[in-house]
Amino acid sequence: MTPIGSGAASPSAPQEDRRVVRVEIVISWVLRVGVVTSLAVVVVGLVLIFVHHPELLTSATRLQDLTQRGTVFPHTLSEVFQGVMQTRGEATVAVGLLLLILTPVTRVAVSILAFIYQRDRVYTFITLTVLIILLMSFVIGRLE
Amino acid sequence: MTALEFVLICFAGSIVGGFIGSLLGLGGGLVVIPMLTLALKVDIRYAIGASIVSIIATSSGAAAAYVRERMTNLRVAMVLEVATTLGALTGGYLAGRIAGRWLFVVFGVVMACSAVMMLRKRRNAASDEGEGTPWANYLRLNGSYYDAALGKEVPYRVIRARLGLALMYVAGMMSGLLGIGSGVLKVPAMDLGMRLPIKVSTATSNFMIGVTAAASAGLYFARGDINPFIAGPVAAGILVGAMIGARVMGRLQNALIRYVFVVVLLIVSAQMLLKGLKGPS
């Protein structure tokens, strides 16, 4: 049997770490919900694409348009936002995928709060560094 | 082929890929990227973009269970994530700079190495002897976990934290460059390099994979390399496949079937390598 929950907590684990573990368990569940929600949005978006473009159901597409680079997809926040307002399928899929990408970012952000609460300066700094790197990725991608 | 058929084929293929990936403990990326590029002629950057978002989905699901069982060393994960995310940024940046054919070549080599690594005997190198290194003590990386097989709490000490960071940078770079979780590099870096117990290494690697993937996924998204027609069905399919795989039988133990898969993976990796070496067709 695998021990579950507080029954497995060892007496040797420092009190503070147990709090971090508890926070992480909550975060992990939030992430699971996040993953399921974002994929639900993705599926809704895919359905919308075909509802708005019934011709995609019947006529043969030039596959190259789908599989080769050149077609531009919504990939900036404003494009995605405008697209969703017009219930465009591609933009809705993009929102779902963006939510998926943001779930681990949220985990890191909440971990920072847990370390600040513990007054653990070293780990607040380490986790903050990770968050900054994650946010930088969007900036670097835009600059290219 | 209509667009609907294309989306459904991507979805069905990704379910199979996620299923096989979870049985082998490899994650879906190594299976799905060759399928998309070799069979469906998808541009390799789109295939990588689709795979990297899928990895976030699968790793977040598994991570919750490991954290609850207190297998994950959260402090080790936080420290090493600095290196993996920086590596992932580097890899994601490079992927936009180098020609697609070289991505095929690197993918073929890494896939072949991963296949061979599956034959590695998982021996436990962890120990509780000695003092622990100054870095590990300062960052309080040493820990303990409850081993269900032994029925007791097992303490361990972490060594070579800086070597671990360097190896994690490389693992992150491969993840960002090729759109794979690269747990196959992360786990040995921890159990052989830093002497973490194998179970803790596996759980901690899984915890880090989602955050690492997010670093390069952001870059791919902002660059416009995440194609909703491909990434949408692939992410949904891999997650469904991985969930079925985890439920059906857990990790595949049968040695013969493992050898068969290793051979198949080696053949596919050779095809990826050849496609890259032959250049644009």
Percentage relative contact order, the range A:24-144, counting C-alpha pairs under 8 Å, at least six apart
31 percent
Viscosity 1.002 mPa s, 20 °C: Kirkwood-radius Stokes-Einstein D of chain B over Cα pairs, µm²/s
113 µm²/s
Relative contact order, percent, of the range B:180-281 when contacts are C-alpha pairs under 8 Å separated by at least 6 residues?
16 percent
By the gyration tensor of its Cα atoms, with a ≥ b ≥ c the square roots of the eigenvalues, what is the shape of the range B:83-123: rounded for a/c under 1.5, prolate for a/b over b/c, or oblate?
oblate
The range B:152-199 shape via C-alpha gyration tensor axes, a/c threshold 1.5:
oblate
Per residue of B:208-216, what is the mean number of Cβ atoms on other protein chains within 10 angstrom of that residue's Cβ?
6
Shielding by partners, peptide B:81-87 (average Cβ within 10 angstrom, other chains):
5
Can you check what the net charge comes to around A:LEU99, using other residues whose Cβ is under 14 Å from the Cβ of A:LEU99 (Lys, Arg +1; Asp, Glu -1)?
+2
Net charge contributed by nearby residues that have their C-beta within less than 12 Å of B:SER216 (K/R +1, D/E -1)
+1
Shape of the range B:86-216, Cα gyration tensor, a/c cut at 1.5
prolate
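Counting pairs of alpha carbon atoms under 8 Å apart in space and at least six apart in sequence, what relative contact order in percent does chain B give?
Reported as a whole number, the value is 38 percent.
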Report, in debye and to the nearest 20, how large the dipole of chain B comes out about its Cα centre when Lys and Arg carry +1 and Asp and Glu carry -1 on their Cβ.
380 debye
For chain B, find the longest principal axis of its Cα atoms and tell me its angle to the long axis of helix B:44-68, 0 to 90°, nearest 10.
30 degrees
Based on the Cα gyration tensor of the range B:143-235, what are the three equivalent ellipsoid semi-axes, each the root of five times an eigenvalue, rounded to whole Å and given largest first?
31, 16, 9
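With Cβ to Cβ distances under 15 Å as the rule, what net charge do the other residues near A:VAL110 carry (K, R +1; D, E -1)?
Taking every other residue near A:VAL110 into account, the sum is +1.
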Principal axis dimensions, largest first and in whole angstrom, of the protein assembly as shown by Cα:
67, 48, 39
What residues qualify as long-range amide H neighbours of B:THR2, i.e. H under 5 Å apart, gap of 5 or more or another chain, H built at 1.01 Å from N?
A:THR61
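Every number here is computed from the coordinates shown, using simple stated rules; none is lab data. All values reported here derive from a predicted model rather than from experimental measurement. We place every Cβ from the backbone using ideal geometry, glycine too, and count neighbours over all the protein chains shown.
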